[in-house]
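The values are calculated or read from the model by the stated rules, or taken from the named source; none is laboratory data. Keep in mind the model is a prediction, meaning the values are calculated, not measured. Cβ atoms come from the backbone with ideal geometry, glycine included; neighbour counts cover every protein chain shown. When the accessible area is computed, the model is the full protein with side chains, heavy atoms only, and any ligands, DNA or RNA have been set aside. Shrake-Rupley method; radii C 1.70, N 1.55, O 1.52, S 1.80 Å.
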Amino acid sequence: MKKELKALVVDSDDLTRHSISSVFRAGGWTVHETKLDAEAIQLMFSHEWNVVMCELAAEKDYGFNLLASMAQDFPNTKVILTTSRPSAVDALDAIASGAFEYLLKPCELNDVRLLLRRLSERFKNDRLRSATDSEQPLVGRSDSLIAAMKHVGRVAATSLPVLLTGESGTGKEIIASMLHERSSRSAGPFVAVNCSAIPGTLIESELFGHEKGSFTGADRDRRGLWEEADGGTILLDEITETSLSFQVKLLRVIQRGEVRRVGSNQTRHLDVRVIAASNRDVEQEVNAGTFRRDLFHRLNAVSIRLPSLRERKEDIPVLVEAFERRVSPKRKLQFSPEVLEIFQRYPWPGNVRELEHVVMRCVAMCDGIVLEQDLPEGIRNHRDSSDQISSLDVVGAEMPDWPELATVEGVYVSKVLAHTGWNKQAAARMLNIDRKTLDRMIKRHKIIQPVNNLNRQRNVRAA
């Protein structure tokens with residue numbers, strides 16, 4: 001089935017926005033156009049667009065932070081930046097940060113048509129590769145992966161709700177897509193929703209839709225993502241990030257198979273299969289009181305846990321080969337035995353996604369053979385936990401006074417945070433504790449985040 005191509009055109013100038021949108025529509029694209037404001041930012045991150053064409057605001061850093069966030073959250077979306085204040089340095093920064101194109105305003109419509117032709121050809125090629133590409137992260141022969149895939153095969157043909165759990169980067173969205181493609185609903189839509197990316201005040205409107213005038217800014221009726229998924233499948237990713245009040249409404253929709261738009265008294269009966277996913281232990285969240293038990297039981301008709309890469313290290317060589325072949329089909333790289341040994345020792349907190357990015361980096365930076373010095377510093381200098389503890393410089397049999405456990409704990413936690421670049425979620429996984437416990441440790445030991453790292457995270461959040 002040919003999937004429609006969707007574009008979001010963001011520009012403060014009405015004439016420019018309408019002209020560009022008309023070119024896309026003439027090419028058969030579905031287009032949503034809006035001014036550059038808070039609603040536009042919300043649209044960018046609440047839908048998965050094929051193309052986002054956005055003007056570069058006067059605050060250039062703001063625009064580049066948006067670009068970085070889009071590249072991280074939606075790596076398959078092509079972002080095109082337009083600007084009326086061209087700069088060679090900005091062009092370099094834009095393309096280096098992942099922009100597909102950097103256009104000068106006023107945009108010539110012929111240039112837009114040529115760009116559209118390039119994009120259409122790119123997505124055509126992507127569709128031809130989609131069957132094999134989508135399964136690349138599932139390459140492997142480990143017992144844990146095969147066992148998980150057996151569960152997927154057994155439940156795919158049913159319409160039962162499925163709960164997918166596993167660490168970030170293990171391929172939950174890919175598994176959800178496979179469940180959809182192998183079901184009787186495969187001709188229907190597959191809608192993926194990242195619940196953590198939608199503010200709590202907007203998630204009900206995004207999922208269930210709203211009526212014109214139902215709240216400030218609701219200037220027209222709008223279908224929700226649940227209606228978009230009618231006859232198909234909806235994936236609720238990071239379901240544990242939703243509020244308890246929203247979970248009550250979600251449970252009602254799943255139980256009754258009907259939705260009511262915000263501001264409406266009418267209900268709509270819909271046929272939607274629900275797949276939920278989380279990188280947390282959902283049962284633990286239930287016991288902690290942050291996730292409703294009745295919703296958990298409703299979603300947990302079938303539960304599939306995806307193994308982390310640490311649990312299937314025998315798959316690392318074949319994954320490396322698969323990623324390298326996909327990124328550079330015409331140029332063969334050789335990974336040295338030392339590099340493959342490092343790959344086996346490294347804990348891969350980002351799992352298969354992190355391994356893929358490392359292989360892509362090696363393909364871009366190396367010729368012929370990948371050596372130890374070609375790897376990112378964090379991977380190259382990683383040591384096992386036992387080695388880290390023995391080298392904390394505060395522990396040793398030769399010391400006249402043994403340090404307190406709290407001292408050792410504080411130093412170790414700070415080293416793990418430094419290794420993950422202060423990604424607290426990844427650090428908590430490496431320490432085998434929950435996020436709240438890690439926050440308490442940081443406060444107890446007065447661990448201070450480096451200023452440069454803190455500024456970088458603030459910039460991303462501001463975007």
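If the chain linking S264 and V248 were pulled fully straight, counting 0.36 nm for each residue of separation and taking away their Cα-Cα distance, it would gain 4.0 nm. Students often get this wrong: which residues of the range 274-303 have the backbone nitrogen under 15 Å from the point 7 angstrom along Cα-to-C-beta of R182? Residues passing the 15 Å test: 303. Which one, N300, H269, N279, projects farthest toward the positive side of the charge dipole computed for the range 261-310 from Cβ point charges (K/R +1, D/E -1)? Positive-most Cα among the choices belongs to H269.
Ordering 9-15, 271-277, 45-51 by mean Cβ neighbour count within 10 Å, with the highest value first, yields 271-277, 45-51, 9-15.
The largest accessible area among T201, T420, T407 belongs to the first residue in T201, T407, T420, and the rest follow in falling order (1.4 Å probe, all chains). With a 1.4 Å probe rolled over the protein heavy atoms of all chains, the accessible area of I95, I342 falls in the order I95, I342, largest first.
Residue ranking by accessible heavy-atom surface, 1.4 Å probe, largest first, among R85, R440 comes out as R85, R440.
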